[in-house]
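Read-outs: derived from the displayed coordinates by stated rules, not from any lab. Quick caveat, the model's predicted, so the values are computed rather than measured. Note that each Cβ is placed from the backbone with ideal geometry, even for glycine, and that neighbours are counted across all protein chains shown.
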Amino acid sequence: MRHLALPLLLVAATLGAEDVSGPSGRVGLGAFTDQFSDATGTRKGWTLNGEWFRDDKGPWSFSAVGTQRPEGTATQFSLGKEHAFGESSWVWAGVSTSTGADFLPRFRGDVDLNLGLSGPWGLGLEVAWNRFSDGTSTTMLQAGPSWLNEAWSASARVQQMRYLPGEDSETGFLADLRWGADNLQRWHSLRFAWGQGILDSLQPGGTTSMMTLTTGGGGGRGRGPGAGTTTTTTTTTLVTTYPKLNEFLVSSASHFPITKRFALRADLAWGQRETQFKMWAGSFQAIVTF
């Protein structure tokens, strides 16, 4: 990651003198790693993603995430669009596919909706469906309240993961807190999640790291350019065991503008699945606005 960051810092120094009043796009390049205390070992990969601001309703977004695991290597490609309506309501819809090893879904579709209700309060709803090459599928459902003011935002959601075949399900809970309203400025977010099916459902591209240009999910969303964009992907090859094991995850994401055109993002996460394993994850991303 050090070799990746140095060239981009030099580019940023050149571009930083120019004024950026209305960006037309952003591109991010980064890397991630997950470390597990059990035989799962190490997972790592790279990310390339971006946003295109064609109108003031919300950007188009794309991502390519390459993941290397002990069981193989795969790449996932995603395309999505955000559309804002009203003062505090928006919807994001996306599709993705993958190539390589079969631990990533061959098809994914998801819709994330936030409805502004009264004052700062809103209601968040999300559904995502994954289809794998062996014919199995997973469905994620989330719902819960959201709260938004000038600088702070927060959300709480109940999550249910459903697995086919077998019609098994797992339930978890998520809470997000964020400071910083504009995605182009400095912001920080913190997430707590606990229950069952947590670690797999929060793994975009096969990692617990949140490698998106903005921050995904509920209270993690900001306002301004790119507000609400997410490429969070539910990718799981979880084999359910009995009794079901509880999981816990705490993660943070921070966005640091260096110049008007260049920013850095860093994500950290720590989680555990009862006595099976503990894990930590880290990611780094360099972002250029043009």
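Out of every Cα-Cα pair in region 104-158, what percent are more than 14 Å apart?
I get 59 percent for the Cα pairs in region 104-158 exceeding 14 Å.
From the phi angles alone, apply the Karplus equation (6.51, -1.76, 1.60; θ = phi - 60°) to region 108-119 and give each ³J(HN,Hα) in whole Hz, x where the residue is Gly or Pro.
3J(HN,Hα) across region 108-119, in whole Hz: 9, x, 8, 9, 10, 10, 10, 9, x, 9, 10, x.
For region 87-92, take each phi angle, set θ = phi - 60°, evaluate the Karplus expression 6.51 cos²θ - 1.76 cosθ + 1.60, and give the result in whole Hz per residue in order, putting x for glycine and proline.
Ordered by residue, 3J(HN,Hα) equals 7, 9, 10, 7, 9, 10 Hz.
Where nothing but the Cβ of Lys and Arg (+1) and of Asp and Glu (-1) is charged, how large is the charge dipole of region 41-198 around its Cα centre, in debye to the nearest 20?
Computed charge dipole of region 41-198: roughly 360 debye.
For K57, give me every one of the lysines with a C-alpha distance below 30 angstrom, ignoring sequence neighbours fewer than eight places off in its own chain.
The reachable lysines, counting only those whose Cα sits under 30 Å from K57, are K81, K260.
Residues with amide H under 5 Å of S89's amide H, sequence separation 5 or more or different chain, H placed in the peptide plane at 1.01 Å from N; which?
Hits under the 5 Å cutoff: G116.
Tell me which lysines have Cα within less than 19 Å of K44's Cα, excluding those fewer than 8 residues away on the same chain?
Partners found: K278.
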